[in-house]
1. From the list PHE176, PHE211, which one is in contact with a Phe, Trp or Tyr (Cβ under 8 Å, 6 or more places away or on another chain), open to solvent by 20 Å² or more (accessible area, probe 1.4 Å) and not basic (Lys, Arg)?
2. Of all residues in the range 364-380, which are away from the ligand (no atom under 16 Å from the Cβ) and assigned to a helix (DSSP H, G or I)?
3. Can you spot a residue in the range 321-340 that is buried (at least 24 other Cβ atoms within 10 Å of the Cβ), within 14 Å of the ligand (Cβ to nearest atom), more than 17 Å from GLU278 (Cα to Cα) and of a type outside the set (Phe, Trp, Tyr)?
4. Can you find, within the range 377-431, the residue that is nearest to the chain's Cα centre (by Cα) among those that are open to solvent by less than 10 Å² (accessible area, probe 1.4 Å) and either modelled with pLDDT under 95 or among the polar types (S, T, N, Q) (or both)?
5. Which residues, taken from the range 99-154, are of a type in the set (Asp, Glu) and surrounded by 16 or more Cβ atoms within 10 Å (Cβ to Cβ)?
6. Only one of ILE410, ILE395 is closer than 27 Å to GLU56 by Cα and not in a helix (DSSP H, G or I). Can you tell me which?
7. Go through the range 262-294 and give me each residue that's over 25 Å from ILE385 (Cα atoms) and either touching a residue at least 60 places away in the same chain (Cβ under 8 Å) or open to solvent by less than 50 Å² (accessible area, probe 1.4 Å) (or both).
8. Among the candidates PRO185, PRO191, single out the residue that is touching a residue at least 60 places away in the same chain (Cβ under 8 Å) and surrounded by fewer than 22 Cβ atoms within 10 Å (Cβ to Cβ).
Amino acid sequence: MSEEKAKLQLDDQIIELPVYSGTEGERAIDVTRLHDEYGLITFDPSLANTAICRSEITYIDGEKGILRYRGIPLEQFDRAKPNFIEVAWLLIFGRLPNKTELNDFRNLLCEHELLHEGLRNQFQVLPAKAPPMAILSAMISMMACYYEEFLAYNDEQLLFEAAARLISKVRTIAAFTYRRSEGLPFIYPDPGLRYCANFLHMMFSLPYRQFEVTTEMEDALNLILILHADHEQNCSTNAVRVVGSTHANLFASCSAGVSALWGPLHGGANVKVMEMLEGIYHGGMKPQDCIEAAKDRTNPFRLFGFGHRVYKNYDPRAKILKASCDRVFANLKTSDPLLAIARELEERALQDNYFIERKLYPNVDFYSGILLRAMGIPTDMFTVIFAIGRLPGWIAQWKEQHDNPATKIIRPRQIYVGNSTTNYVDLNDRN
Ligand code: CMC
């Protein structure tokens with residue numbers, strides 16, 4: 001811990017505050033004692049400038065467009081092509097697993113890929129066309145009803161078991177949600193298949209015909225999941241931490257993460273991007289109309305898949321996904337007109353002063369949908385895929401918070417700007 005101090009002057013008083021540095025040199029002023037010692041609070045709406053924890057999981061440099069999991073740059077995952085499961089382990093346990101650990105984890109995932117019949121039966125009482133994110137959030141929360149042994153977490157083995165169940169079953173829940181929405185029979189998981197191939201099998205096989213998962217599809221989905229696996233203190237992860245800080249169980253906390261991710265400013269943006277691209281393709285709008293609408297301050301429309309709270313440079317995930325789109329379509333020897341529209345939108349936006357001045361670049365949601373579409377995944381499942389990918393990150397962040405004895409319940413303050421003391425007026429005496 002550094003000896004550096006920041007000085008805050010308020011009226012005649014000078015308050016000295018400790019300054020902490022992160023591994024990569026970022027500096028933060030510690031204001032934790034401000035209220036108790038000086039009766040002051042800080043004002044930071046949306047927590048845009050507040051570090052809520054110290055974390056060893058993921059590093060982002062938004063100015064340079066850098067993202068690393070446990071120190072490993074994202075580009076290395078793109079080159080080395082590890083399995084998503086390996087990356088999940090890395091995030092949760094802090095280091096790459098050895099062969100035995102990875103095998104044990106794989107076996108545990110296979111062992112738990114089925115849903116409890118009680119949970120499976122829930123699909124029958126939900127409307128077939130219910131929003132998939134609503135189903136996912138509810139089902140993850142309901143896992144607490146079937147796996148009560150994990151509600152109190154007190155050792156790493158228990159966490160390992162709970163994490164394996166979540167990571168494995170979330171994929172079955174997602175596939176069953178799609179099958180039910182289409183009126184198709186559920187296809188049970190096949191333990192002989194790897195994580196992504198198994199998901200695609202449950203999505204698209206028929207009882208009398210096994211779906212052929214191509215290497216391109218499996219690799220593309222694996223890459224998408226890895227690229228979404230963690231992103232430090234984003235909104236849904238923060239939701240997981242907020243709920244987890246009350247010592248609520250892992251299922252309840254991750255269910256909150258799904259709900260936060262659903263919103264169109266966060267994970268739901270991948271659906272909005274696709275609606276926007278389809279809107280252009282089907283003739284409603286021209287790419288330049290979209291750009292102009294996004295710039296119009298009187299219009300709530302935004303260029304979805306653009307901009308980021310932290311990245312003020314090209315999102316490294318978007319860069320990898322864009323290259324992956326090119327690769328996948330070249331390998332499949334097909335094309336998608338939406339990819340050409342996305343490229344044109346990007347080119348126009350990156351040359352426009354509005355986007356240049358605000359440092360708005362494509363984010364992870366801009367190209368991911370085009371890849372998912374190439375796999376035949378319907379648009380309303382895109383955010384669910386994001387959630388499957390983000391789950392290891394949520395678990396890792398939940399564990400890190402839980403394992404830190406200094407963790408307290410997350411409970412921000414406010415600046416009250418309402419009425420001063422006002423008298424209650426009897427109903428008969430009101431105007
Ligand atoms: N289109 C048009 N203008 C934008 C956009 C956009 N996509 N994004 C930001 N701006 C403008 C915004 O209006 C503001 O302008 P001004 O300074 O004139 O008021 C300025 O840029 C700063 O934006 P902000 O909304 O204050 O920034 P924020 O950090 O609060 O929001 C964001 C970040 C991601 C919510 C926002 O950029 C956005 O709404 N983007 C579109 C939705 C999207 O693609 N979300 C996915 C984010 S990445 C994946 C994930 O984490 O889920």
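The values are calculated or read from the model by the stated rules, or taken from the named source; none is laboratory data. What you see is a predicted model, and the numbers here were worked out from it, not measured in a lab. Cβ sites come from the backbone with ideal geometry, for glycine too, and all protein chains shown count toward neighbours. Note: accessible area is taken over every heavy atom of the protein model, side chains too, but ligands, DNA and RNA are not part of it. Shrake-Rupley method; radii C 1.70, N 1.55, O 1.52, S 1.80 Å.
1. Details: PHE176 fails: open to solvent by 20 Å² or more (accessible area, probe 1.4 Å).
Result of the check over PHE176, PHE211: PHE211.
2. Correct list: ARG373, ALA374, ASP380.
3. Yes, some residue in the range 321-340 is buried (at least 24 other Cβ atoms within 10 Å of the Cβ), within 14 Å of the ligand (Cβ to nearest atom), more than 17 Å from GLU278 (Cα to Cα) and of a type outside the set (Phe, Trp, Tyr).
4. My answer is THR383.
5. If the condition is that a residue be of a type in the set (Asp, Glu) and surrounded by 16 or more Cβ atoms within 10 Å (Cβ to Cβ), then GLU113 is the only one that fits.
6. Result of the check over ILE410, ILE395: ILE410.
7. Looking only at the range 262-294, we keep the residues that are over 25 Å from ILE385 (Cα atoms), and these are 282-294.
Listed by number, the residues that qualify are PRO287, GLN288, CYS290, ILE291, ALA293, ALA294.
8. Numbers: PRO185 fails: touching a residue at least 60 places away in the same chain (Cβ under 8 Å).
Of PRO185, PRO191, the one residue that is touching a residue at least 60 places away in the same chain (Cβ under 8 Å) and surrounded by fewer than 22 Cβ atoms within 10 Å (Cβ to Cβ) is PRO191.
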